[in-house]
Every structure is written in structure tokens, then in C-alpha cells.
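Contents: one structure, followed by commentary.
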Amino acid sequence: MKLLYFARLREDLGCAEETIALPPGVETVEGLRAHLMARGSIWQQALAAGGALGVAVNLDMARPDTPVKQDDEVAFFPPVTGG
Amino acid sequence: MPVRVQSEDFDAGAEIARLRRGDPKVGAVAAFIGVARDINDGTAVATLSLEHYPGMTEKALDGIVAEARTRWRLIDALVIHRIGVLAPTDQIVLVAVTSEHRGDAFSACEFIMDFLKTRAPFWKRETTPEGARWVEARTADDQAAARWKATDVG
């Protein structure tokens with residue numbers, strides 16, 4: 001699956017984009033977030049934002065229980081500030 | 001194309017004229033232009049840098065315009081949002097809506113803007129005398145979008 005990070009999240013993580021294999025047992029956005037947070041303290045802090053963390057699956061806004069699959073594109077980002 | 005994301009500036013007058021296309025059914029045009037200011041949260045702002053999520057941005061804006069069309073009687077709608085580096089007084093965003101009567105145009109224009117602010121994946125970074133900082137999301141923007149859920153727009 002393809003993972004994207006935007007704005008402050010990209011800077012904090014030092015990563016704009018990566019491709020990973022769907023980790024065993026990960027079936028939802030929440031599961032994927034927990035898997036990434038286990039990478040270390042930077043990831044834990046960046047993705048711990050709770051309600052303030054935006055997630056999109058295949059270009060649509062997602063929720064914690066949104067399913068994720070191997071060929072999905074999942075993006076993580078801070079609250080949007082356009083306009 | 002009802003939704004455009006571009007780095008170039010836009011000519012609101014020309015865009016609105018193109019949107020109307022001399023259509024005699026158009027009785028109302030409502031337009032909003034968002035402009036970059038030189039101050040934010042009490043700090044001077046030298047430049048504004050806008051990034052977005054290509055693909056999702058267009059899809060999100062298309063969805064917002066489609067939702068507005070289900071709520072009001074619209075003839076046409078246009079959203080232009082700029083990305084890249086902007087300076088104070090630069091135009092950031094244009095939302096223009098045409099309808100037969102003003103009520104539909106006013107409401108739809110405000111609705112599209114309120115949802116653009118809270119749903120479209122854009123992020124602003126500003127440079128100030130103290131350095132660069134990401135612009136924080138505002139609770140007031142969430143409240144502005146939320147009130148449309150509570151309103152019966154008939």
C-alpha cells in the first residue's frame with residue numbers, strides 16, 4: 001500500500017511518501033495508525049493527534065473504522081487550512 | 001471545468017463572465033474572493049505557501065459543489081484555488097455561483113466556501129519575522145461548516 005504524509009506531518013516524520021506491505025492483522029485505518037505509531041517516538045507523537053489527525057483512503061476522507069487493503073493509497077495529514 | 005487548482009492568479013471578472021456565458025436564465029451571481037492578509041494571530045506575515053493533496057483536492061471540491069447543487073437551484077458553479085507561494089493582497093480562492101434568484105446563489109456560495117475550509121486538503125504555511133509556521137485550523141471554521149447540517153435549507 002502507498003502511504004502519504006502532508007504538511008507538518010511530512011516535516012515531523014521526514015517522509016512524504018512510502019510503499020509498505022499491508023501489515024498482518026491490519027484491517028482498518030485505526031489498525032494502520034497503531035502499526036505506524038509502533039515505529040518510534042516521532043511516529044507516536046505525530047500520529048497521536050486523535051481527532052485532529054486527518055486520514056484519507058483512496059482520496060476520500062476516512063474514519064478510524066474505514067477498511068484498508070493492500071492496494072490502497074492512505075494519506076495522513078493535519079487539519080486542513082485552505083481558503 | 002467547475003473546479004481548478006492552479007498557481008497562477010485569476011481574473012474574477014473574466015471568470016464570472018465565462019460562467020454566465022450570456023445565459024439569460026441567470027438572474028443572480030454570487031462570488032467570494034479570499035485574499036492573503038499581512039497579519040495573522042497578531043504576527044506580521046511576509047508570504048504564504050499553500051500545498052495540497054493532488055487528486056483528493058479536486059475530488060473533495062467536486063463533491064462539495066455537487067452537494068451544493070442538491071441543496072439549491074443552481075445554474076452553474078466555479079471554484080478556483082491557488083497553490084504555491086503568495087504574498088499579502090494576493091487572491092487565494094474564488095467561489096462563484098449562478099442561479100435564477102439571489103437566495104440560492106448567496107447560500108450556495110457560502111456553503112461551498114465553508115466546506116472548502118474544512119474538507120478540502122489544503123495547508124497554509126506562513127513566513128513571519130520569527131520564522132516559518134504552519135497555520136493552525138480554526139474552531140470557528142468547523143462551527144461555520146457544522147451549522148449547515150442543522151439548517152433546513154428546503
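Quick note: the coordinates plus some simple rules give every number you see, no bench work behind them. Since the model is a prediction, treat every value here as computed from it, not as a measurement. When we count neighbours, we look across all protein chains shown, and the Cβ atoms used for this are built from the backbone with ideal geometry, even at glycine.
List of remarks:
- Qualifying residue in the stretch B:103-110 (condition: within 14 Å of another protein chain (Cβ to nearest Cβ) and within 16 Å of the chain's Cα centre (by Cα)): yes
- Test: residue in the stretch B:67-80 that is over 20 Å from A:Gly54 (Cβ atoms) and of a type in the set (Gly, Ala, Ser): yes
- Residue within the stretch A:38-51 that is in contact with a Phe, Trp or Tyr (Cβ under 7 Å, 6 or more places away or on another chain) and away from chain B (no Cβ under 14 Å) present: yes
- Per-region count, the stretch B:26-73, residues within 13 Å of another protein chain (Cβ to nearest Cβ) and of a type in the set (S, T, N, Q): 3
- Applying a threshold of 6 Å to beta carbon distances and a minimum spacing of six or more residues, or different chains, the list of pairs starting in the stretch B:64-89 at a residue that is in contact (Cβ under 8 Å) with a residue 12 or more places away in the chain and ending at one that is hydroxyl-bearing (Ser, Thr, Tyr) and part of a strand (DSSP E or B) reads B:Arg73/B:Ser99; B:Leu74/B:Ser99; B:Ile75/B:Thr98; B:Ile75/B:Ser99; B:Asp76/B:Thr98; B:Val85/B:Thr47; B:Val85/B:Ser49; B:Ala87/B:Thr47.
- Strands (runs of 3 or more DSSP E) within chain A that include 3 or more residues under 10 Å from the mean Cα position of the chain (by Cα): A:2-5, A:54-57, A:73-77
- Taking the conditions (1) touching a Gly at 6+ places or on another chain (Cβ under 7 Å); (2) without any contact (Cβ under 8 Å) to a residue 40 or more places away in the chain in turn, B:Asp11 satisfies each one other than (1).
- Residues of the stretch B:14-53 satisfying the condition of being under 17 Å from A:Thr81 (Cα atoms), in contact (Cβ under 8 Å) with a residue 12 or more places away in the chain and among the aliphatic types (A, V, I, L, M): B:Ile33, B:Val35, B:Ala36, B:Val45, B:Leu48, B:Leu50
- Positions within the stretch A:35-76 being buried (at least 21 other Cβ atoms within 10 Å of the Cβ) and under 27 Å from B:Glu126 (Cβ atoms), in sequence order: A:Ala46, A:Leu47, A:Gly54, A:Ala56, A:Ala75, A:Phe76
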